[in-house]
Amino acid sequence: MKIIFAFSKKISIILFFIIVCQNISAQSFSSAEITKWQTQAKNVTIIRDNYGVPHIYGKTDADAVFGLLYAQCEDDFKRVELNYIEKLGRMAEVKGEAALYDDLLIKMIIDSADAVKDYNKAPAWLQKLCNAFADGINYYLYKNPGTKPALLTRFKPWYPLLWTDGSIGAISTADITVDELKNFYSGEAPVAIIKKQEEENVTGSNGFAFAPKITESKNAILYINPHVTFYFRPEVHIVSEEGLNAYGAVTWGQFFVYQGFNEHCGWMHTSSVVDAADTYIEKISKKNTGYVYQYNNAQKKVIEKKISLHYKVADNIETKNITALYTHHGPVMANRNGQILSLRADNRIMNGLIQCWQRNKATSFIAFKKTLDLKGNISNNTVYADAQGNIAYWHGNRIPVKDKKYNWNKAVDGTITATEWKGLHPINEIVQSINPVNGWLQNCNSTPFTVAGTNSPKKENYPFYMAPDGENYRGINAVRVLDNQKNYNLDKVIAAGYDTYLAAFEKLIPALINAFEKNIVPNDSLYSKLIEPITILKNWDMRCSVNSVATTLAVEWGQKLIPKIVKSNDEDEFQFVDQVTKTNRFITKAIPQDLLEPFAIVINELQNKFGKWEMPWGDINRFQRISSDIDNKFDDNKESIPVPFASSTWGMLPSYTSRNFPGTVKRYGVNGNSFICAVEFGKKIKAKSLLAGGNSGNENSPHFFDQSLMYSRGKFKDVLFYKDDVLQHAEKKYHPGE
């Protein structure tokens, strides 16, 4: 069945200029607004420390939020704005027609009208924070007329309710893609859907927690290590006289610390595949009065909603109007193999925003657990530690109750009630581990059933949809590393987090060596070509470093194996087939040619690129930041820094995903370790942190790339949590607008 609901019309040049003029006039703020902002700014003090980290002190929570958003705009307004352009479904107005169906996807799953309704009915304290969010950004625009927004010249207080989760993977469409959405709604001939095989899932993270029984100081320690796109979050500190004192990483444009801590407890989020979004197979037909779908042997009316999408073409703005379809499950988004698919997912929920804020102000284990009861975390797990000595892990948060007989990894029958969600699981029913006897917890986007080693929750005690996650090589490496140490302190925790062992090659490299030794004889032309690099790998300890030729050979070769490794078919399996299982299957089935041919290609490519194949990893694996553009730019002829780390795909705990770009022969990092922090909860907070590159997005700022060398070596700075320490290292102290 093919359904097309699309028509286009051009907006004239005259209308385009009217829109531009409206945008210009929108930058004019009333005298009453300006007076209000100036008054509020006096209640806020921003102190920039010697790394440019803003420490924001406000009389009220709302004052702190006002200052936080002002400071974020100072550091990188472009990223603040772009995040909301995206969540408003307006990217095509900036990036052109190529982003049109990304916008449609957003508008179908995040309705701005619902965000406005939630703002209007929000509790007064939340409205104050949302107002402060908008006021802080708008005051920045007023005070900095040289900043030219790409699109948004006035921020609205309901914007935070479009984006109620700080995760990089906060939006879930199950497995429906933008290409499928385009095929369904564009009216164009369908194109083949080709899944890209990424080296690494960019939404990964590592979180460790250590109980007092295994720490040197007898205080709990938390290790925060999100793996996201570089420069996705800055480091901040927000304080108020109403009990707020949170430090950590904030996602650009949000008003809460997403990965961080206060003086009482700390929280770290890792992404997972907890099944909180599902696709339904709908039976839709057309009647004289419109479209209907089958449900419980009856017909229900399909909801039709007009969605207008605007997109830039040269100097003009054009419009495409789509009639989007909805069943009671949610938006209809794809036609896959003749099956019409709708999506059910809670991608925007006010409780999520409330939970994120109350988490920042939690004062105890009990208080933190109460935030979990809001069930507003739609996409992530939580690793936790506190000053009372508790450590804990919760796998997911908002988990629907479902009939266990269905395979929820696939689309389910949407015509029957049996596949409906049946409420939400109470928190005590989800997979969790609290104060395990071994004294440590870890999660690396892997199965929760190894979170505490042999003391982990048991898989058989939970429905499969709660934790379909499998194992990965970081998880394997984390369990190995954490089991081998006692008497942890901050430095030992950081050393554990920076272990350089690449566990994925434990079986891959022996398989390659075996294929060579058993099949390539000395008079074979491949023998003389491969014997030296094979010998290097044979003597390799599986640890990466800047001087390691073996790391270069292994990573470059491993990347060429990825397409074959990921091909393992899981169509008939309830559980996801994880990375480790797929790799083992590949090794078992691989013929010598599958291993040796890609390796020979790597040797040729290195020789052609660099004039020799013996390339140390640090010579080609580089860290560079030469532009403030959100889309990275790289240049082999400009200064860059060698990095010893590799992608988490290979079991690298301090993940550093790099790749080649047009015009480069060297590889440059784009995601991985971003904000990294180790924090100890004693009578006083002790913490060390590190940020990829620097805190500022302004290439003229001294804090644009000032942490780069430290980052490349895993050398942390001391966190300045107490005001006396902040003042001793103050670079600048001011009120917003000064």
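Just checking, does segment 397-417 include any residue being open to solvent by 30 Å² or more (accessible area, probe 1.4 Å), within 20 Å of ALA170 (Cβ to Cβ) and under 23 Å from the mean Cα position of the chain (by Cα)?
Within segment 397-417, one or more residues are open to solvent by 30 Å² or more (accessible area, probe 1.4 Å), within 20 Å of ALA170 (Cβ to Cβ) and under 23 Å from the mean Cα position of the chain (by Cα).
Hey, could you check segment 62-88 for residues that are among the small types (Gly, Ala, Ser) and touching a Leu at 6+ places or on another chain (Cβ under 7 Å) and say which is least open to solvent (accessible area, probe 1.4 Å)?
Only one residue fits best here, namely ALA64.
Give the number of residues within segment 297-343 that are free of Cβ contacts under 8 Å to residues at least 60 places away in the same chain, on the phi < 0 side of the Ramachandran plot and of a type in the set (S, T, N, Q).
Adding up the residues that qualify gives 2.
What do you reckon, is LYS688 open to solvent by 20 Å² or more (accessible area, probe 1.4 Å) and touching a strand residue (DSSP E or B) at 6+ places or on another chain (Cβ under 7 Å)?
Values: open to solvent by 20 Å² or more (accessible area, probe 1.4 Å): yes; touching a strand residue (DSSP E or B) at 6+ places or on another chain (Cβ under 7 Å): yes.
Here the answer is yes, as LYS688 does meet what is asked.
Among what's in segment 418-439 and is open to solvent by less than 20 Å² (accessible area, probe 1.4 Å) and of a type in the set (Gly, Ala, Ser), pick the residue that is nearest to VAL274 (Cα to Cα).
SER433
Can you give me the ranges of the strands (runs of 3 or more DSSP E) entirely in segment 613-719 with at least 2 residues that are within 26 Å of ALA209 (Cβ to Cβ)? If you could, list the steps in order and put the result at the bottom.
Details: elements: 621-623, 656-659, 667-673, 675-681, 685-691.
By residue number, 656-659, 667-673, 675-681, 685-691.
Hey, among the residues in segment 138-167 that are among the hydrophobic types (A, V, I, L, M, F, W, C) and part of a loop (DSSP other than H, G, I, E, B), which one's nearest to the chain's Cα centre (by Cα)? Working first, answer last.
Step one: list which residues in segment 138-167 are among the hydrophobic types (A, V, I, L, M, F, W, C), which gives 141, 150-152, 155, 158, 161-163.
Right, trim to part of a loop (DSSP other than H, G, I, E, B) and you get 150-152, 155, 158, 163.
Details: ALA150: 24, LEU151: 24, LEU152: 24, PHE155: 24, TRP158: 23, TRP163: 13 Å.
By that ranking, first place goes to TRP163.
With the requirement that a residue be assigned to a helix (DSSP H, G or I) and basic (Lys, Arg), what does segment 491-543 give you? Let's see the steps before the verdict.
The initial filter retains those residues of segment 491-543 that are assigned to a helix (DSSP H, G or I), namely 491-497, 505-519, 525-538.
Once the filter is applied, which keeps residues that are assigned to a helix (DSSP H, G or I) and basic (Lys, Arg), segment 491-543 yields LYS492, LYS507, LYS518, LYS529, LYS538.
Evaluate the following for TYR711: is it over 26 Å from the mean Cα position of the chain (by Cα) and among the aromatic types (Phe, Trp, Tyr)?
It is false that TYR711 is over 26 Å from the mean Cα position of the chain (by Cα) and among the aromatic types (Phe, Trp, Tyr).
Within the set of pairs 6 or more residues apart or between chains, which connect a residue that is of a type in the set (Ser, Thr, Tyr) inside segment 162-173 to a residue that is assigned to a loop (DSSP other than H, G, I, E, B) and surrounded by fewer than 21 Cβ atoms within 10 Å (Cβ to Cβ) with Cβ atoms less than 6 Å apart?
THR164/ILE349
For the condition farther than 30 Å from THR382 by Cβ, modelled with pLDDT of 95 or more and in contact with a helix residue (DSSP H, G or I) (Cβ under 6 Å, 6 or more places away or on another chain), what is the one hit in PRO149, PRO145, PRO160?
Numbers: PRO145 fails: in contact with a helix residue (DSSP H, G or I) (Cβ under 6 Å, 6 or more places away or on another chain); PRO160 fails: farther than 30 Å from THR382 by Cβ.
The conditions single out PRO149.
Checking the conditions here, which among LYS369, LYS301 is more than 30 Å from LEU441 (Cβ to Cβ), among the basic types (Lys, Arg) and open to solvent by 70 Å² or more (accessible area, probe 1.4 Å)? Steps first, please.
Details: LYS369 fails: more than 30 Å from LEU441 (Cβ to Cβ).
Just a single option satisfies the conditions, and that option is LYS301.
Of the conditions (1) touching a residue at least 40 places away in the same chain (Cβ under 8 Å); (2) open to solvent by 10 Å² or more (accessible area, probe 1.4 Å); (3) closer than 26 Å to ASN608 by Cβ, SER628 fails just one. Which one is it?
(3)
State the number of residues belonging to segment 308-352 that are over 22 Å from ALA115 (Cβ atoms), open to solvent by less than 20 Å² (accessible area, probe 1.4 Å) and of a type in the set (Gly, Ala, Ser).
1
Check every one of the strands (runs of 3 or more DSSP E) wholly within segment 390-475 and list those with 1 or more residues that are modelled with pLDDT of 95 or more and of a type in the set (Phe, Trp, Tyr).
Values: elements: 391-394, 432-434, 440-443.
Hits in segment 390-475: 391-394, 440-443.
Filter segment 231-257 for residues that are among the small types (Gly, Ala, Ser), closer than 14 Å to PRO54 by Cβ and in contact with a helix residue (DSSP H, G or I) (Cβ under 6 Å, 6 or more places away or on another chain) and give the result.
Here is the first cut: in segment 231-257, the ones among the small types (Gly, Ala, Ser) are 240, 243, 246, 248-249, 253.
When the remaining residues are screened for being closer than 14 Å to PRO54 by Cβ, the result is 246, 248-249.
Within segment 231-257, just ALA246 meets the criteria.
Can you say whether GLN442 is open to solvent by less than 10 Å² (accessible area, probe 1.4 Å) and not aliphatic (A, V, I, L, M), as far as the supplied structure shows? First the steps, then the outcome.
Details: open to solvent by less than 10 Å² (accessible area, probe 1.4 Å): yes; not aliphatic (A, V, I, L, M): yes.
Taking the combined requirement at face value, the residue satisfies it.
Of all residues in segment 158-169, which are closer than 22 Å to SER342 by Cβ and open to solvent by 10 Å² or more (accessible area, probe 1.4 Å)?
GLY169
Restricting to segment 116-134, and then to whatever is of a type in the set (Gly, Ala, Ser) and out of contact with any Asp or Glu (no Cβ under 8 Å at 6 or more places or on another chain), can you tell me which residue is farthest from TRP252 (Cα to Cα)?
ALA124
Take LYS375 and decide whether it is open to solvent by 10 Å² or more (accessible area, probe 1.4 Å), in a loop (DSSP other than H, G, I, E, B) and either modelled with pLDDT under 95 or under 25 Å from LEU105 (Cα atoms) (or both). Don't jump to the end; show me each part of the working.
Working: open to solvent by 10 Å² or more (accessible area, probe 1.4 Å): yes; in a loop (DSSP other than H, G, I, E, B): yes; either modelled with pLDDT under 95 or under 25 Å from LEU105 (Cα atoms) (or both): yes.
Spelling it out, LYS375 is indeed open to solvent by 10 Å² or more (accessible area, probe 1.4 Å), in a loop (DSSP other than H, G, I, E, B) and either modelled with pLDDT under 95 or under 25 Å from LEU105 (Cα atoms) (or both).
Test PRO642 against the criterion of being free of Cβ contacts under 8 Å to residues at least 12 places away in the same chain, of a type outside the set (Gly, Ala, Ser), open to solvent by 10 Å² or more (accessible area, probe 1.4 Å) and out of contact with any His (no Cβ under 6 Å at 6 or more places or on another chain), and give yes or no.
Here the answer is no, as PRO642 does not meet what is asked.
Starting from segment 651-671, take each residue that is crowded, with 17+ Cβ neighbours inside 10 Å and list its partners that are part of a loop (DSSP other than H, G, I, E, B) and of a type in the set (Val, Ile, Thr), counting only C-beta distances under 6 angstrom and pairs at least six apart or across chains.
TYR656/VAL643; ASN671/VAL202
The values are calculated or read from the model by the stated rules, or taken from the named source; none is laboratory data. This is a predicted model, so every value here is computed, not measured. A quick note on method: Cβ atoms are made from the backbone with ideal geometry, for glycine too, and the neighbour counts reach across all protein chains shown. Accessible surface is based on the protein model in full, side chains and every heavy atom, while ligands, DNA and RNA are left aside. Shrake-Rupley method; radii C 1.70, N 1.55, O 1.52, S 1.80 Å.
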